[in-house]
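Notes follow once the structure below has been shown.
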Amino acid sequence: MWVGVRKRELGAIAHYTGLLVASLALVMVVPLVTALLSAEWDPALDYACGIGVAAAFGFLLAQGAPRGAHINRRDALIVTALSWLAGSLVAAVPLALSGHYGSFLDAFFDAISGLTTSGLTLVQDLDHLASAHNMWRHLLHLVGGQGIVVAALSVALGLRGGGAMSLYIAEGRDERIMPNVMNTARFIWFVTAVYVLAGTLVLSVVNMVAGMEIGRSVLHGFWATVACYDTGGFGPTSMNALYYHSPVFEIVTMTLMLAGTLNFNLHADLWRGDRTEIFKNLEARALAINIAILSVAVGLGLAVAGAYATPAEVLRKGLYHLISANSGTGHQTVYASQWATGFGGLAFAAIILAMAFGGMASSTAGGIKALRLGLIVKGVVLRIRESIAPGSAVIRSTYHHLVDVPLTADVLANALMLFTLYTVTYISGAMIGAAYGYPAGDALFESVSATANVGLSTGITAPGMPAGLKIVYILQMWAGRLEFIALFALVASVFAAARRRRAGA
């Protein structure tokens, strides 16, 4: 039986959602300062307006309950689901005012794409977008990639207890890293800061060597670092990573992509000096095998297609896009039209599978996740062992993920459930895209990219695509980033409240 949200609980949900929205006003100070330093006066006004809207709307919602109001696990899931929508609506305000979007829906699309680290975009004339707006788009990746609710509530706003843990899990994190959620969030942000600083420094030097002036080199270095480490596909130019046309740039960004797709628990082990876990861990092994097999498939597909003249070019193009797809980053060094002409057949299918499978759990990557794939394979092996063993034999299986864990029916059921939900969503989005008249292969590619929060595009995602399809991709990005459960909790609560109201009438 569904449990509806009572009036008092609704106030607490509004309170914490409002505090999160208001916290985005603080983040908007960065693009405001960027605009002022760059003498971009119109964008500065856009962010002044955005700050006002975020602060006013957020504090208005926060009046729904007193400070420190209690929320239970169910309410925490609803806060998470609502916060991503409300945060995206507020984040879209300065983008909509920029003049580079055809409608508020387009700006909202980009805002939720940024926060979910998807990277699909409907921006117009990106090459002439102000630095302040590019800063904001990439800050959305930075905030969303680490977990916007956990960062805002468990660190800045002081949420404690089961509610904080529920918010952490609802954002796609499967396990805690430190003894409590607050310290876990701080560790995540600390690791992120180290990678962002190092990546920005290296890429700034690469850009300066390529001929960029210092200020622009640093900005492009920071934006590329944030997009790759947080596995988001935004870029400051319409050519995306192709703009830099640099093997060194591609090597550095691939390294950042792989760092971003690592489970933060593995980061913690590496920081503690334990190098053995990455070799024993089921998830790390599954991801490595997945990348190896799909890399071969991409290489063979490109070789057969004959799109590139030399093996070195096949390796460069194939590996970059395979890592970009598998990590959920979405950076590409080809034009959208080349997916069908240059990556047709086997390579095209392998890229779709890489996006669908995704990276590791408790990382910035999206998709089904390597851990669940590894668990499903071990489950199949276990069932085969059981089927050929004597009737009296007791067959058990364990897997290593940070510690040795028994492979139980509940663990397998959860992995299979999420595998099924992602697969159904991938196919459903593809069918809707095909119904709008797009080629079936392209529609599947785009649907998987949206749901797995990747950002690679065959060209379907464009300002001129139907509004209905924009809404479908928005829902897919939202549901995929939250791994469905928080979304289901919100929908179930709404239906329960509606049923209770009808019964009372």
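Inter-label distance, Ile293 to Lys280: 2.5 nm, where each label sits 7 Å from its Cα along the C-beta direction. Evaluated with a Cβ-only charge set (Lys, Arg +1; Asp, Glu -1), the chain carries a dipole of roughly 1700 debye about its Cα centre, given to the nearest 20. For the chain, the carbon plus sulfur part of the accessible surface works out to 69%, probe radius 1.4 Å. Name the shape class, rounded, prolate or oblate, that the alpha-carbon gyration tensor gives for the chain, where a ≥ b ≥ c are the square roots of its eigenvalues, rounded holds for a/c under 1.5, and otherwise prolate holds if a/b is larger than b/c and oblate otherwise. Since a/c stays below 1.5, the shape of the chain is classed as rounded. Once the chain from Val403 to Gln63 is taken as fully extended at 0.36 nm per residue, the excess over their C-alpha distance is 118.0 nm. Computed from Cα atoms alone, the Kirkwood hydrodynamic radius reported for the stretch 7-56 is 11.8 Å. The simple spin-label model puts a point 7 Å past each Cα toward its Cβ; for Ala48 and Ala340 those points are separated by 4.7 nm. A simple spin-label model places pseudo-atoms 7 Å from Cα toward Cβ; at Ile427 and Leu197 they are separated by 4.9 nm. Only helical runs count toward this figure. For the chain, summing -39,500 (n - 2.57) over DSSP H runs of n ≥ 4 and dividing by all residues gives -22000 deg cm²/dmol at 222 nm.
Available extension along the chain between Glu213 and Ala434 is 75.1 nm, counting 0.36 nm per residue and deducting the alpha carbon span. Counting 0.36 nm for each residue step from Leu475 to Val380 and taking away their Cα separation leaves a gain of 31.0 nm.
For a straight C-alpha distance cut-off of 19 angstrom, the aspartates and glutamates reachable from Lys280 (same-chain residues fewer than eight places away being disregarded) are Asp174, Glu175, Asp269, Asp404.
Neighbours of Pro31, meaning other residues whose beta-carbon lies under 12 angstrom from its beta-carbon, give a summed charge of -1 when Lys and Arg score +1 and Asp and Glu score -1. Val304 to Trp41: FRET efficiency via 1/(1 + (r/R0)^6), r the Cβ-Cβ distance, R0 35 Å, to the nearest 0.05? Efficiency for this residue pair is about 0.05. Distant-in-sequence amide contacts of His70, defined by a placed amide H-H separation under 5 Å and a gap of 5 or more residues or a different chain, comprise nothing.
The values are calculated or read from the model by the stated rules, or taken from the named source; none is laboratory data. These figures come from a predicted structure and were not determined experimentally. Note: ideal-geometry Cβ built from the backbone for every residue, glycine included; neighbour counts use all protein chains shown. Side chains are part of the model used for accessible areas, which takes the heavy atoms of the whole protein and leaves out ligands, DNA and RNA. Shrake-Rupley method; radii C 1.70, N 1.55, O 1.52, S 1.80 Å.
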